[in-house]
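The values are calculated or read from the model by the stated rules, or taken from the named source; none is laboratory data. Quantities reported herein were computed from a predicted structural model and do not represent experimental measurements. Heads up, the Cβs are rebuilt from the backbone with ideal geometry, glycines too, and the neighbour counts pull from every protein chain shown. The accessibility values were calculated without ligands, DNA or RNA, using every heavy atom of the protein model including side chains. Shrake-Rupley method; radii C 1.70, N 1.55, O 1.52, S 1.80 Å.
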Amino acid sequence: MAGPMERIQVLDEIEKDIITCLQCAAQALLELGKEKSSQKQAESNTSQFLRTLSQVESKLSDQINYLTQVSTGQPHEGSGYASQKVLQMAWHRLEHVRSWVNELERLKASHLAAATRPLSGVPNGNLTSSGTST
């Protein structure tokens, strides 16, 4: 099985083959555009173009088949919609957690305020073991 670097090298080779295709097509057209064109040269360039184009098609098909196999079971929306939706939901969950933390902080503050408030009717809020104030 080819690793990522080998896959990139194959894509680089495909790109070079595409350049070769374009050069062969250009040479064939230039030859045909000449006043005294060489049919043999034009046919040679056309033949090279078709061979290289066939190789490009085959290599690209292999790459597409590979990508189809490795992406099976993966969500694909044809765009970044799925990733965008996941991010949006994460932000929503974050805001929800923040609101809960803020509510807990508010409850904690009110509880602490109630606990530190002196008892009414008791001068210092200090009671003896018998329940009478000191």
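Points to keep in mind about this one:
- For H96, H111, the ranking by accessible surface with the largest value first comes to H111, H96, using a 1.4 Å probe.
- Full extension of the chain segment joining V97 with K40 gains 13.0 nm, where the gain is 0.36 nm per residue of separation less the Cα-Cα distance.
- Take the Cα of Q63, go 7 Å toward its beta carbon, and the backbone nitrogen atoms of segment 1-43 under 20 Å from that spot belong to 1-25.
- For S54, solvent-accessible area (1.4 Å; no DNA, RNA or ligand), Å²: 70
- Entry note, segment 1-72: relative contact order of 33 percent, from Cα contacts under 8 Å with a spacing of 6+ residues.
- A simple count of charges around C24, restricted to other residues whose Cβ falls under 13 Å of its Cβ and scoring Lys, Arg +1 and Asp, Glu -1, yields -1.
- Directionally averaged shadow of segment 30-72, computed from the convex hull of its alpha-carbon atoms, nm²: 3.3
- Using 0.36 nm per residue and subtracting the Cα-Cα separation, the extra length available between S47 and L107 on full extension is 13.5 nm.
- Accessible-area order (highest first, 1.4 angstrom probe) of the listed residues T68, T46: T68, T46
- The 1.4 Å probe gives accessible areas that order Y81, Y66, largest first, as Y81, Y66.
- Estimated at the nearest 10 Å², the accessible area of K34 is 110 Å² with a 1.4 Å probe.
- Stretchable slack from Q23 to T116, in nm (0.36 nm times residue separation minus alpha-carbon distance): 24.8 nm
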